[in-house]
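Step one of this worksheet: look at the structure below.
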Ligand code: GLA
């Protein structure tokens with residue numbers, strides 16, 4: 001038997017592929033590192049499984065592109081149709097090269113099809129993608145990125161769902177025979193089905209055990225399939241969702257980013273955070289500290305005035321803001337959300353002298369200036385629509401979302417118009433930041449629209465390389481590695497309710513670094529939940545991520561201003577090492593407490609955030625165990641905010657009395673006792689390695 005093996009390793013994972021008898025490649029191993037001298041021939045032979053009765057006379061391989069023609073007893077990795085109907089390719093191996101990662105090429109000469117798989121180890125992750133080319137136009141219904149084996153010792157599939165204001169809800173589905181499928185058909189990566197999934201092996205926790213995870217680097221529709229075959233094998237597929245009418249000669253799956261951890265979910269968080277921050281995001285100035293934001297949306301909505309915003313700018317700067325973002329309402333005749341999207345010229349009724357007086361004021365207060373835009377959209381009540389009614393994506397009489405339609409970004413003239421409009425604004429003003437919004441679902445699953453927005457963003461970034469961009473889509477509707485290759489921050493949610501945020505941020509940290517995760521201190525009474533939460537909790541929750549404020553600072557009383565100023569000062573003192581380090585979720589023995597540890601890249605210091613979102617069932621707080629420390633090192637711990645202790649906390653707590661010094665081993669096994677706390681309290685403990 002003619003068998004070739006390939007092996008990819010990162011410091012934490014190994015992928016072994018084999019090609020047998022010139023057939024399609026199979027991933028025969030994906031998991032934690034194998035020894036360097038593993039005998040791949042023996043592994044390959046040991047991988048083969050027996051054959052029983054009542055089935056085909058050979059076991060059809062679970063290849064990186066399972067072929068319907070084989071016939072494979074599950075979901076195929078590729079589904080195409082041509083003029084004559086369904087195509088059922090049988091690919092033969094052509095060639096391999098390892099010039100830039102590993103490229104494997106296959107073809108089906110009869111059907112004029114070529115399939116290419118690419119794998120590359122980048123830091124801790126492996127990035128895999130597939131591409132299909134056809135000599136004649138075909139319709140692609142499905143193309144999975146290289147298909148991976150699902151771990152047999154996993155009991156469940158973990159993924160996330162969400163809606164506006166309630167992003168990143170974890171759900172766990174037991175493996176069972178058949179398919180679990182998530183499919184985003186709304187044309188963007190979406191609140192509903194973020195393009196990511198985790199396969200924890202039996203017994204894995206936040207900080208222990210083996211976990212496998214996937215993310216797709218694509219901002220359009222996508223599909224995830226986890227399937228248990230009748231023979232017991234399991235497969236994982238992820239790729240773009242295709243418009244059934246999308247005919248073409250070349251299709252790509254997008255990059256599938258693969259992570260493996262032997263330290264529970266914490267290792268997944270570390271791998272993805274580092275990959276996105278250090279390899280995906282293109283920072284205009286990597287040395288620039290993340291600036292504290294002020295965003296005026298929940299302060300004034302569409303009610304813009306130079307006088308009001310100047311006063312707000314002064315107060316925001318005094319609180320510690322370093323970037324002032326003027327949100328929706330500055331263009332066209334936009335007094336509410338029913339008009340003007342598409343008309344990217346300054347509203348002279350609100351801004352008779354243009355935006356420059358406000359920008360000068362903001363600069364005078366020592367802040368940089370950012371501006372909100374929503375370029376992909378148009379209102380029917382706009383000059384743009386009136387002059388270009390044919391630029392809509394989909395029919396005019398489609399159901400609108402937030403009273404708006406999409407522009408067809410596959411059309412070069414539409415992209416040129418948008419580029420010129422944005423370029424003119426950026427040329428005429430000293431703007432270092434765009435908040436780029438996308439507030440409705442697409443009327444169809446359309447890869448060309450996503451390619452269009454990528455092209456527009458790429459062109460704009462090339463023309464204005466110092467401008468940072470935030471990806472917002474009614475909050476977290478477009479958070480994925482594809483958009484992060486072109487932007488620098490995501491707006492996780494339109495909910496500034498710190499209780500909601502605490503949970504969301506905790507989940508999202510498995511997939512996103514804090515450096516790109518925007519988090520703002522909202523109004524005293526949350527505009528999305530009506531909840532009134534103490535300033536200390538609101539400030540500390542925002543301080544876990546890329547911090548900002550989004551309330552009218554004129555509502556703050558003296559005590560609230562003092563707390564916010566103090567927490568912001570702390571944020572600035574610690575941001576550089578925290579944003580450059582790892583954010584590790586901690587296991588909490590108390591369901592009412594959500595905890596994480598942020599540790600510096602050199603491991604010399606850390607901070608623990610332990611946030612209480614509800615009352616506990618037991619009467620006293622439970623010890624918080626840490627992770628990711630050196631068991632043999634000694635650490636000095638210091639409670640940053642003892643003032644948040646409620647009157648009921650009246651016992652001895654070492655951290656309240658003074659600093660505590662313990663070994664990493666003791667901190668990870670015994671843990672630290674924190675004071676009793678009311679719901680909506682965040683304990684913040686700094687740690688420093690002293691020996
Ligand atoms: C969306 C965003 C908000 C805000 C508004 C402006 O809802 O998510 O943050 O920018 O649009 O209209």
**Q.** Efficiency of FRET from Cβ geometry, residue 623 and residue 183, R₀ 51 Å, rounded to 0.05
**A.** 0.75
(Q) For 630, 397, which order do you get if you count the other beta carbons within 10 Å of each Cβ and list the fewest first? (A) 397, 630
Q. Which whole-number percent is the relative contact order of the range 61-280 (Cα, under 8 Å, 6+ apart)?
A. 21 percent
Q) If packing is taken as the mean number of other Cβ atoms within 10 Å per residue, what is the order of 637-644, 384-391, highest first? A) 637-644, 384-391
Q) If R0 is 56 Å, what FRET efficiency do you get for residue 153 and residue 527 from their C-beta distance, rounded to 0.05? A) 0.75
Q | Tensor-based shape of the range 172-296 (alpha-carbon gyration tensor, a/c under 1.5 rounded, otherwise prolate or oblate) | A | oblate
Q | Average silhouette area of the range 315-462, convex hull of alpha-carbon atoms, in square nanometres | A | 9.3 nm²
Q: For the range 252-300, state what percent of all Cα-Cα pairs lands in each successive 10 Å bin, counting from 0 Å until the bin that includes the largest distance.
A: 19, 30, 29, 20, 3
Q. Over the chain, what is the percentage of antiparallel beta bridges among all DSSP beta bridges, to the nearest 5?
A. 80 percent
(Q) Quick check on the range 354-405: take the gyration tensor over C-alpha atoms, sort the square-rooted eigenvalues as a ≥ b ≥ c, and tell me if it's rounded (a/c under 1.5), prolate or oblate. (A) prolate
Q: Run the numbers on the range 585-689 and let me know its relative contact order in percent, using alpha-carbon pairs under 8 Å that are six or more apart.
A: 38 percent
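Could you grab the Rg to Rh ratio for the range 192-251? Cα atoms only, Kirkwood for Rh.
Reported Rg/Rh (Cα atoms, Kirkwood Rh): 1.08.
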Q) When 494, 285 are ordered from fewest to most other Cβ atoms inside 10 Å of their Cβ, what list results? A) 285, 494
Q. Expressed as a whole percent, how much of the Cα-Cα distance distribution for the chain exceeds 32 Å?
A. 54 percent
Q | Residues in the range 586-602 that a label on residue 614 would reach, taking backbone N under 19 Å of a point 7 Å out along Cα→Cβ | A | 586-596
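Could you compute Rg(Cα) / (2.2 N^0.38 Å) for the range 424-530, with N its residue count?
Output field value: 1.17.
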Q: Taking every pair of Cα atoms in the range 295-577, average 1/r, invert it to obtain the Kirkwood radius, and report Rg/Rh to two decimals.
A: 0.95
Q) Would you list 333, 156 from fewest to most Cβ contacts within 10 Å? A) 333, 156
**Q.** Antiparallel bridges, percent of DSSP beta bridges restricted to the range 285-431 (to nearest 5)
**A.** 45 percent
Q. Expressed in whole Å with the largest first, what are the equivalent ellipsoid semi-axes of the range 42-131 derived from the C-alpha gyration tensor as the square root of 5 times each eigenvalue?
A. 24, 22, 12
Q. Rounded if a/c is under 1.5, else prolate if a/b is larger than b/c, else oblate: which is the range 274-336, with a ≥ b ≥ c the root eigenvalues of its Cα gyration tensor?
A. oblate
Q. When the Cα centres of the range 56-88 and the range 363-408 are compared, how far apart do they sit, in Å?
A. 43 Å
Q) Which of the peptides 424-432, 500-508 is most tightly packed, and how do the rest follow, judged by the mean count of other Cβ atoms within 10 Å per residue? A) 500-508, 424-432
Q.
Give me P(r) over the range 149-203, computed from all C-alpha to C-alpha distances, binned every 5 Å, as integer percentages.
A. 4, 19, 26, 22, 15, 10, 4, 0
Q. To the nearest whole percent, what portion of all C-alpha pairs in the range 585-689 is separated by more than 24 angstrom?
A. 17 percent
Q) What spacing in nm lies between the two simple spin-label points modelled at residue 690 and residue 603, each 7 Å away from Cα in the Cβ direction? A) 2.0 nm
Q: Could you quote the convex hull projected area for the range 61-280, Cα atoms only and averaged over all directions, in nm²?
A: 12.5 nm²
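Where a number appears in this text, it was derived from the coordinates with a stated rule and is not lab data. Here the structure is a predicted model, which is why all the values come from computation and not from measurement. FYI the Cβ positions are ideal-geometry reconstructions off the backbone, even for glycines, and counts take in every protein chain you see.
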